[in-house]
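*Asks:* The following block contains the structure, expressed as structure tokens.
The values are calculated or read from the model by the stated rules, or taken from the named source; none is laboratory data. This one's a predicted model, so the numbers in the text were calculated from it and none came from an experiment. Cβ: placed from backbone, ideal geometry, glycine included. Neighbour counts: every protein chain shown.
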Amino acid sequence: MKTFIKGGLVALAAAAILTPVAMASPANDKGVTWSKISHDNAQGVDLVGCDDGTTKCDPYQGDALCSIALPIMCINKSNAAVPAGYDNSNKYRKWSGGHLANSHPIKGSDISGINEANQICENQFGKGWRMADHHDGWGWNFAAYGNLRKDTRMWVSVKNQPNGHCW
């Protein structure tokens with residue numbers, strides 16, 4: 001009985017010492033990024049999304065270190081009509097009804113939250129601009145007017161995944 005209690009106390013003491021260390025993980029150290037997948041010159045439409053064939057995003061835990069400076073993918077959801085000839089039947093390539101632009105590069109760790117990210121977009125592009133969200137189409141990809149950079153990934157929001165952001 002003594003050995004059991006002694007062993008139990010040792011185990012409890014070890015768990016009490018280790019538990020705070022395990023719980024002391026920093027705020028999110030990764031954020032979710034998307035990229036431009038393709039551009040239709042005739043319609044002026046970009047397809048953007050999670051998987052560009054080289055890198056795949058992780059909306060649940062983030063895929064890019066927050067210490068990296070990347071542009072914010074900004075969107076103005078202007079209720080733009082689906083362009084003539086655009087196939088909007090694929091839920092993974094839904095028309096967003098908006099226009100896209102990319103901000104200047106900023107470290108994800110320098111963005112304190114969605115309100116600040118939205119303000120950066122609005123400051124650079126005007127009223128109605130905000131950080132693009134993973135669900136601005138249906139999810140995983142969407143189309144919008146624009147011609148974003150193709151050479152970089154961009155920070156996006158994912159409103160229903162608290163661990164997909166740097167904040």
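*Asks:* Restricting the first residue to the range 18-41 and requiring it to be closer than 23 Å to residue 57 by Cα and at pLDDT 95 or above, which pairs with a second residue that is in a strand (DSSP E or B) and aromatic (Phe, Trp, Tyr) meet a Cβ separation below 8 Å and a spacing of at least six or different chains?
*Replies:* 31/155; 32/155; 33/155
*Asks:* Let me ask something else. If I ask for residues that are farther than 26 Å from residue 122 by Cβ and in a loop (DSSP other than H, G, I, E, B), which ones from the range 44-60 would you list?
*Replies:* Keep residues of the range 44-60 that are farther than 26 Å from residue 122 by Cβ, which gives 51-56, 58, 60.
Scanning the range 44-60 gives 52, 53, 54, 55, 58, 60.
*Asks:* Okay, moving on. Based on what the data block shows, is residue 92 at pLDDT below 95, surrounded by fewer than 22 Cβ atoms within 10 Å (Cβ to Cβ) and of a type outside the set (S, T, N, Q)?
*Replies:* Values: at pLDDT below 95: yes; surrounded by fewer than 22 Cβ atoms within 10 Å (Cβ to Cβ): yes; of a type outside the set (S, T, N, Q): yes.
For residue 92, the condition - at pLDDT below 95, surrounded by fewer than 22 Cβ atoms within 10 Å (Cβ to Cβ) and of a type outside the set (S, T, N, Q) - is met.
*Asks:* Let me ask something else. Just name the residue that is nearest to residue 69 (Cα to Cα) out of those in the range 96-144 that are crowded, with 20+ Cβ neighbours inside 10 Å and in contact with a Pro (Cβ under 8 Å, 6 or more places away or on another chain).
*Replies:* Per the criteria, the residue is 103.
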